[in-house]
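J.: Have a look at the structure that comes next, please.
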Amino acid sequence: MAQRSILLGGRGATVLIAPSWLLLGLIIVLPAGYVFWLSFEQSSFGQSPRFVGLANYVAILNDPYFWRALRNTTVVVLAVVAAEIVIGLGIAVLFASGIPARPIWLAVMLAPYAVSEVAAVVMWRFLLDPETGPLTHFLEPMGLALDWAVVPAHGLVLAGILSIWLHLPFTFVILYAARLALPGQIYEAAKVDGASGLQQFRQLTLPLLRPAILVAMLFRTITGFRLFSEVWLTTQGGPARATEVAAIYLYLEGFRYDSFGVAAATGWMMVLAAFLVSLLYVRRLYKDMADAG
């Protein structure tokens, strides 16, 4: 009787979670499968798909614009993720140590997440306009002004600044929650032993937060490879496609050159690149968990 109840309970759980699995399949698995199939087809407006095998992938790998876009994406993502971790960790430790009016500052810290990407880009374009931007006039005497409309490197720096400002709240929330979860007794014991604040951070906070740091890096790397609006709404990949990123390359192939097969193949190449970079974080995370166990 007990065994029958267990079996019924298992079937009941399956029935309950079946709608969520179905929704997941319809929203993620089915479109991803269609894009994967389309990556092996030659397709455009008014043209029936024609199977071409790996021709789309060969065309991408032989296109220097793709490699430049992928390089730009990787450089910006790695720099942005590193900066977000450093800044987010510093702010999380500061908040956890106790600051005046913490609820107000917390709301200020999370405010960028409530701003749409388009509005944020318009705001930063105005602030850093090479001719009339208020921040440009402030930074120009220090030699830090960004001529992002002309210099490709400056355009990528601006895209990185925008990405950090928009997504720092996400990284901060992960690290702040992990910091609040640490037991206060270990810090009290460290104070009794005479450990300074810097020593507590290096020997307690940083090692204990390493799993949370790696998780934040993993999620931001995956989302970072979808970088698009920060570049498209500022430089549109110019000048001469020098600031183009992978998502813009995909957009141009699919909607300007009407090459849906190449665009679909580009999407899967982006997935592969994000997977390879994220694999480094996952392996390190599992290693830390194994060492802790």
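The values are calculated or read from the model by the stated rules, or taken from the named source; none is laboratory data. Everything numeric here is computed off the predicted structure, so don't read it as measured data. Quick reminder, even Gly has a Cβ in these numbers, built from the backbone with ideal geometry, and neighbours come from all protein chains shown.
J.: From the list Ala242, Ala265, which residue is closer than 30 Å to Pro64 by Cα, assigned by TED's automatic domain parsing to the domain that holds Leu78 and in contact with a Ser or Thr (Cβ under 8 Å, 6 or more places away or on another chain)?
T.: The conditions single out Ala265.
J.: Is it the case that Ala247 is under 15 Å from the mean Cα position of the chain (by Cα) and either crowded, with 19+ Cβ neighbours inside 10 Å or β-branched (Val, Ile, Thr) (or both)?
T.: yes
J.: Collect the residues in the range 48-84 that are surrounded by 13 or more Cβ atoms within 10 Å (Cβ to Cβ), over 25 Å from the mean Cα position of the chain (by Cα) and part of a helix (DSSP H, G or I), keeping them in residue-number order.
T.: Ala55, Asn56, Ala59
J.: Now for a separate question. List pairs: first residue in the range 193-218 and more than 22 Å from Val77 (Cβ to Cβ), second residue β-branched (Val, Ile, Thr) anywhere in the structure, Cβ distance under 7 angstrom, at least six positions apart or on different chains.
T.: Every condition considered, the pairs that remain are Phe201/Val93; Leu204/Ile186; Thr205/Val93.
J.: Here's a follow-up. Scan the range 184-191 and tell me whether some residue there is acidic (Asp, Glu), more than 20 Å from the chain's Cα centre (by Cα) and not in a helix (DSSP H, G or I).
T.: Scanning the range 184-191 turns up no residue that is acidic (Asp, Glu), more than 20 Å from the chain's Cα centre (by Cα) and not in a helix (DSSP H, G or I).
J.: It is to be established whether one or more residues within the range 112-124 are assigned to a loop (DSSP other than H, G, I, E, B) and not aromatic (Phe, Trp, Tyr).
T.: Yes, some residue in the range 112-124 is assigned to a loop (DSSP other than H, G, I, E, B) and not aromatic (Phe, Trp, Tyr).
J.: Let me ask another. Which members of the range 204-243 meet the condition of being part of a loop (DSSP other than H, G, I, E, B) and surrounded by fewer than 21 Cβ atoms within 10 Å (Cβ to Cβ)?
T.: Arg226, Phe228, Leu233, Gln236, Gly238, Pro239, Ala240, Arg241, Ala242
J.: Can Phe126 be described as out of contact with any strand residue (DSSP E or B) (no Cβ under 8 Å at 6 or more places or on another chain) and farther than 20 Å from Pro239 by Cα?
T.: It is false that Phe126 is out of contact with any strand residue (DSSP E or B) (no Cβ under 8 Å at 6 or more places or on another chain) and farther than 20 Å from Pro239 by Cα.
J.: Any chance you could count how many residues in the range 85-106 are of a type in the set (Phe, Trp, Tyr) and outside any helix (DSSP H, G or I)?
T.: Of the residues in that region, 0 qualify.
J.: I'd like to know if the range 163-182 contains one or more residues that are assigned by TED's automatic domain parsing to the domain that holds Leu106, surrounded by fewer than 17 Cβ atoms within 10 Å (Cβ to Cβ) and among the β-branched types (Val, Ile, Thr).
T.: no
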